[in-house]
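The values are calculated or read from the model by the stated rules, or taken from the named source; none is laboratory data. From a predicted model like this one, the values you see are computed outputs, not experimental measurements. FYI the Cβ positions are ideal-geometry reconstructions off the backbone, even for glycines, and counts take in every protein chain you see. Heavy atoms of the whole protein, side chains included, go into the accessibility calculation; ligands, DNA and RNA do not. Shrake-Rupley method; radii C 1.70, N 1.55, O 1.52, S 1.80 Å.
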Amino acid sequence: DSSGEVFIGSSKEASFQDWEFIKDLRTQSFANRTIEATSPKNQNVIVSYNKLDIGDLVVVSMVEKDKALTAVRVLLTKSALFFIAILSASFIISILASTQLTSALRNLLLGTRKIALGDYNVDINVKSGDEVGELAQSFNLMATEVSRLMSENIEKARMEKELETAKAV
């Protein structure tokens, strides 16, 4: 009650008469609050109190500050570890995705170099269904068509040469 006597509870305190919040109850309009206090046994505690609408009773919840802060530290540690795990997973996934993309682009680059050197029998094997995969398919079609046209040109040149030889004969 407002005098600090404990009516019902599991508190080891027999009375809260010497506690600072009891003085608040007596001297000013009561505010439901949570405060940091020092017990008569010189323990730092966190006290939450709330006045009930029944008579002059107050509900008091008290926990040792070290125990409360230990829970906060554990929560912060777990949160930090979870953040690091999420960040690591994101990093690994981004590395894998970028490696897949760059390897497909590297295959396309090697294919263009082969064509530049005159080797038209190029087949780029890209298994992705995205734009890079479509580009690889288009590249393969282009290389096949260029190879076919080159073969036709060679055949046409051979036939023209034979025709010239026949005319000469």
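So the values come out like this:
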{"read-out": "Protein accessible area in the stretch 23-169, 1.4 Å probe - carbon and sulfur %", "value": "60 percent"}
{"read-out": "At R0 = 30 Å, FRET efficiency that the Cβ-Cβ distance of ILE154 and LEU105 yields, to 0.05", "value": "0.40"}
{"read-out": "1.4 Å probe accessible area per residue over the stretch 115-169, in Å²", "value": "82 Å²"}
{"read-out": "Those trypsin sites (Lys or Arg not before Pro) in the stretch 65-163 that DSSP places in a loop and that have at most 10 other beta carbons within 10 Å", "value": "LYS127"}
{"read-out": "FRET efficiency, LEU141 to ALA166 (Cβ-Cβ, R0 45 Å, nearest 0.05)", "value": "0.75"}
{"read-out": "Residues LYS127 and ALA71, FRET efficiency given R0 of 41 Å [Cβ-Cβ distance, rounded to 0.05]", "value": "0.25"}
